[in-house]
1. Among the residues of region 580-601, write down those that are in a loop (DSSP other than H, G, I, E, B), within 16 Å of PRO630 (Cβ to Cβ) and either at pLDDT below 95 or of a type outside the set (S, T, N, Q) (or both).
2. Hey, could you check region 237-256 for residues that are touching a Leu at 6+ places or on another chain (Cβ under 9 Å) and not small (Gly, Ala, Ser) and say which is most open to solvent (accessible area, probe 1.4 Å)?
3. Looking at (1) open to solvent by 10 Å² or more (accessible area, probe 1.4 Å); (2) modelled with pLDDT under 95; (3) in contact with a Phe, Trp or Tyr (Cβ under 9 Å, 6 or more places away or on another chain); (4) not charged (D, E, K, R), find the lone condition where PHE438 falls short.
4. Filter region 636-656 down to the residues that are touching a residue at least 60 places away in the same chain (Cβ under 8 Å) and acidic (Asp, Glu) and list them by number.
5. Starting from region 11-26, keep only residues that are among the hydroxyl-bearing types (Ser, Thr, Tyr), then list their pairs with residues that are open to solvent by 40 Å² or more (accessible area, probe 1.4 Å) and in a helix (DSSP H, G or I) whose Cβ atoms are within a distance under 7 Å, requiring at least 6 positions of separation or different chains.
6. Please indicate, with yes or no, whether at least one residue in region 23-43 is open to solvent by 60 Å² or more (accessible area, probe 1.4 Å) and within 24 Å of the chain's Cα centre (by Cα).
7. Please determine, by comparing only the residues of region 342-395 that are on the phi > 0 side of the Ramachandran plot and assigned to a helix (DSSP H, G or I), which one is most open to solvent (accessible area, probe 1.4 Å).
Amino acid sequence: MKQFIQADEWKIIEEGFNPAYNTISESLFSLGNGRMGQRANFEEAYSGETLPGNYVAGVYYPDKTRVGWWKNGYPEYFAKVINAANWIGIDIILGDEQLDLAKCEVSAFRRELNMKEGYLKRTFRAKTAKGLEIEVEAIRFCSIADDEAGAIKYTITPLNYSGEITITPFINGDVVNKDSNYDEKFWDEIGKESWNDGGCVQSRTKKTGFEVATGQKFTISQNNVPVDVTVKKLEKDKYIASAITLQAIANQPVTLIKFAANISSQNYPAGALVEVLKNTLKTISEKGFETMLAEQAAAWAEKWKHNDIIIEGDTAAQQGIRFNIFQLNQTYTGEDDRLNIGPKGFTGEKYGGSTYWDTEAYCVPFYLATADQKVTRNLLLYRYKQLGKAIDNAKLLGFKDGAALYPMVTMDGTECHNEWEITFEEIHRNGAIAHAIFDYVRYTADEKYLVDYGLEVLIAIARFWAQRVNWSDEKQQYVMLGVTGPNEYENNINNNWYTNTIATWCMQYAIDVADKVQAADPTKYEALVSRINFDKEKETAKFRDIIEKMYFPQDEKLGIFLQQDGYLDKEQILVKDLPASERPINQKWSWDRILRSCYIKQADVLQGLYFFEDRYDIDTIRRNYDFYEPRTVHESSLSPCVHAIIAAKLGDEARAYEFYLRTSRLDLDDYNNDTEDGCHITSMAGTWMSVVEGFGGMRVRDDKLSFQPFLPAKWTSFSFHIGFRGTLLNIKVGKEGVQIKNLSGKEVTVLIYGKEQLVQGNNELLVEA
C-alpha cells in the first residue's frame, strides 16, 4: 500500500516528485472523454521510468498469440487497444539543455487532477545541470464537449536568467506498446503535413486497417502578449514538429497553447480524415483555450448532477468514490454501441483494453442508475451484435445447434484470450451476459428488448449450458467438469458451485422469457423460432431436466456451499495467518503453490449469493460469508465490492466499511501493487455499488426501488442520485433518517425499510430514523 496521494474531496493531489511513483501517478492522473484518452505522461521529455499511453477508442491491433503449446480452439491473436500518436508532446530546450525532470534538481512539484471540472494541472520548479532555474505550469484536458479533441496550456517562466528558449510542439506516431508480443510496431504512416501553426500525421494500423489522423494547432505568447515567431518545420517518419526559438526574459512567462485532435476512420471515411481534422482544429482554436475549459467544467457539472455521491465526515471515503465515478465517466459515455469498457479504460495497456465479463457483472448496475437508459441498452446491443461470433466460438470448441459461448476477452466478438484455463474453462462469463439482460429489464421494464434481441441471446446461452453438462452415473445427477470459476486461483476444477448455479439460472430464465415473448408478440416469436430452429418443447424439456437434477457441491456439517468438489481437501490456513511478506501471493508464490492453496482471488460462491440473494435466507448467506471471506486474498479488483455489499446486508458495518474503503481506494493507495499498469476501471463501478447497494441497500422489488440503508459510524451522512423509469431521485441518509427528493415532475413510490412511501413530483419527504 502506498499513501502518497493527499486527501481532498474533489481533487487527486500529488505533492513532491518521487520518480519511483511516476508510473503509478501516470495511471491515477489519466484523462479521457469516452472517445480518446491518455496516461498522465509529461508533455516535455522524460528519460526516467514512464509508460507512454495515448488511446483512441475502438482502434485495436490483433497481436499474434504467443504460447509454447498450441491447442485446438486457441485464439490466433490477443486484441489490444494500441498506443496511438502522442499528441501532448512539447519539447523544451533551455539554451542548449533539454528540459528533463530525470536530469534536473526538482525543488517543487505538484500534480493535481480536478475531478469537479475535468482537467489535469501540473506545476514544478526545476534547475538544470548548468544552473538554469525555471517554473512550469501545464494544464490539459480531453474535451467532453468536443470529444475528438484536447487542449494544453503550457507556461514556462525563466527565474534566474534571460536567454534562448526553443519550444517544439510535436505529433509523434512512431510509438510502441510495452506489451507487444513480438516487439512489433503497429502503425504505418499514410501521410503527414506541416503548417506554420501546426501539422498532422495520418497512420494506419497493420492488419486491421484503422486509420487515425492526429494533428495540432498552436499559439504562443510572451508575458501574456501574443507574439509572431519564426517556425522551423521538422519532419521524420510518422512525426511532425514546429520548433520555435525566442528570447526569454527572466520572470516573464512564455505560454504555448496547443490544440489537438484525433480523427478516426471508425467515424469518417479514411480519405476525409485530414479535412475533418483541419476543421476540428479550426473550430476549437477559434473557441480558445479558456472557452473550451469553461465548456469542460459545464459538461462535468452536468455529469456530477446525475451521478455524484456525497459523503460527509470522511474525506478519504469521499475522494475515493468521486475518483471512481470520474474515471468511469471518462471511459464510457454510451453514445456508440460499437464501444465497451476495457478493464483499464484509457489508463494503461494491461488486458489489452478489451471487453471482459466485468462490464455485465459490475458496470451495468452503475449505468442503469446514473445514465440514460440507452447507455445500458447499447452495452447489451454490443453483445447481441456479436452473437454470431459467440456461436462460431462455441463451434470451435465442439458445440453445435446454435449454442453460444461468448468470449472471455474480445474487441469484435472473436475470442482473443490466450490462457487455456481462462479461454476454455472460465465459461461463467456467459451467465454474466444473461444476468445483465435480466438486470436491464428488471430495472427499466423494457420488455421489448427481450422480444427484439434478448431472447435470441438467452436461447443460445442456454443451449451452451445444456451441452456443457454431462450426466454422472455415479451421482445420478448432472455435473459440470473442467471449469474455472470467478476465483482464478483454481483451474480445471469440477462442479464449481457458482458456475453450476448460474448455468441452471440461465436455462430457467430462457424458459421464462420464451414464454413471455411467445405471449407478447407471437409473430416475432415464431419468426425467431424458425430462424434459429428452436424446438421449444424438446429443448425446454432438456433445460428443465438439467435444472431439476443438477449437482451442487455443499458441506452439510458446515452448512455451506462448496466452491467446488474437493475444496475442503485443501489445507485450510486463513489469510490472517499468512505473513505479510508473502502477500500478494500472485507476486510472491509459484502458480503451483497458489493452485494447491485454499486462497480465493475474488468472490466466487459469494458472487452467486450476491446475484441470487433472494433465493437464500440470511443465515445461509452469513455462514457462507463467514467461511469464505477469511480465505479470500482480494487480489482481484472485482472482489472487495461484493464483500462490502454482502457485509452491509448482514449488518456487519466493520467489514462493509473496510471493503468499501479498499475498493474505493484500490488504485489511489495501490493496494495490490499494480496501479502502474493502469487503473481498475470496471471494478470502479463496484465501488458505486458498495455505497448504493451496500450502505444504501438499494434493490428493485416488484417494479419499485427499495432501500434498506444504514449510516457507517465514520460518516455524518451520505447521499446519491438514482434515475429510475423517468424519475430522478436524491437519497440522503443521515442521523435524522432517510430524506428522499424527487427531482422530476413524476410521482414515484419507493420502499424504505420495507414500507411504501409516495413521493410527489418535485417534492421531498423524510423518513425518520
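The values are calculated or read from the model by the stated rules, or taken from the named source; none is laboratory data. Just so you know, these numbers come straight off a predicted model, no measurement behind them. Glycine gets a Cβ as well: all are built from the backbone with ideal geometry, and neighbour counts include every protein chain shown. Protein only, heavy atoms only, side chains kept; ligands, DNA and RNA dropped before computing areas. Shrake-Rupley method; radii C 1.70, N 1.55, O 1.52, S 1.80 Å.
1. The answer is ARG583, CYS598, TYR599, LYS601.
2. It comes out as ASN251.
3. Among (1) open to solvent by 10 Å² or more (accessible area, probe 1.4 Å); (2) modelled with pLDDT under 95; (3) in contact with a Phe, Trp or Tyr (Cβ under 9 Å, 6 or more places away or on another chain); (4) not charged (D, E, K, R), PHE438 violates only (2).
4. GLU653
5. Here the result reads THR23/GLU676, each pair linking region 11-26 to a residue that is open to solvent by 40 Å² or more (accessible area, probe 1.4 Å) and in a helix (DSSP H, G or I).
6. no
7. Within region 342-395, the match that is most open to solvent (accessible area, probe 1.4 Å) is TYR351.
Listed here are the residues, each with its yes/no results for (1) farther than 30 Å from LYS395 by Cβ; (2) part of a loop (DSSP other than H, G, I, E, B); (3) among the small types (Gly, Ala, Ser); (4) out of contact with any His (no Cβ under 6 Å at 6 or more places or on another chain).
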residue: SER25; (1), (2), (3), (4): yes, no, yes, yes
residue: ASN41; (1), (2), (3), (4): yes, yes, no, yes
residue: TYR46; (1), (2), (3), (4): yes, yes, no, yes
residue: PRO52; (1), (2), (3), (4): yes, yes, no, yes
residue: ASP63; (1), (2), (3), (4): no, no, no, yes
residue: ALA79; (1), (2), (3), (4): no, no, yes, yes
